[in-house]
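This report refers to the structure that appears directly beneath it.
FYI, it's all coordinate maths here, none of it is from the lab. For clarity, every value in this text was computed on a predicted model and none was experimentally measured. As a convention, Cβ positions derive from the backbone with ideal geometry for all residues, glycine included, and neighbour counts pool all protein chains shown.
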């Protein structure tokens with residue numbers, strides 16, 4: 001129904017599981033025509049890599065994959081920046097299109113990451 005009306009779907013389920021399960025979930029989302037899918041970066045590089053690989057065969061119709069770095073409710077604002085940077089780097093190296101972070105880390109990440117990514 002959303003697609004029929006010209007809308008786009010952001011599947012905000014924050015996938016976090018074993019690599020095969022997350023890959024299959026991302027593939028299923030791609031088959032449904034979802035525009036944007038998020039996964040937890042805390043799942044590690046193998047999980048993120050497998051998720052990215054799972055949607056590649058959909059070409060231009062593949063969903064954008066973004067990694068949730070650190071949940072805002074879990075963060076200690078004074079010590080989280082380096083963890084967000086580490087997870088952002090892993091997400092990009094694993095083939096994700098971008099990340100989700102709090103506004104407190106955005107300027108810091110832009111100063112450290114030269115590759116264009118969704119923020």
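Both the radius of gyration and Dmax for the chain are 14.3, 45 Å, in that order, over alpha-carbon atoms. Out of every Cα-Cα pair that the stretch 4-45 contains, those further apart than 15 angstrom amount to 41 percent. For residue 35 and residue 114, the FRET efficiency from 1/(1 + (r/R0)^6), where r spans their Cβ atoms and R0 equals 22 Å, is about 0.25. Per-residue extension of 0.36 nm, minus the Cα-Cα distance of residue 58 and residue 13, leaves a gain of 14.2 nm for this segment. Put in order of Cβ neighbour count within 10 Å, fewest first, the listed residues 2, 66 become 2, 66. Specify the angular offset, from 0 to 90 degrees and rounded to the nearest 10, of the alpha carbon long axis of helix 19-31 from the longest principal axis of the alpha carbons in the chain. Helix 19-31 sits at roughly 50 degrees to that axis. Taking the number of Cβ atoms within 10 Å of each Cβ as an exposure proxy, the fewest-first ranking of 60, 114, 8 is 60, 114, 8. Compared with the dominant Cα axis of the chain, that is its longest principal axis, helix 45-56 is turned about 30°. Relative to the longest principal Cα axis of the chain, at what angle does helix 103-112 sit, 0 to 90 degrees, rounded to 10? So the inclination is approximately 80 degrees. Working from label points 7 Å from Cα in the Cα-to-Cβ sense, the residue 104 to residue 2 distance is 3.0 nm.
Each residue in 90, 71, 65 was given a count of other beta-carbon atoms within 10 angstrom of its own, and listing them fewest first yields 71, 90, 65.
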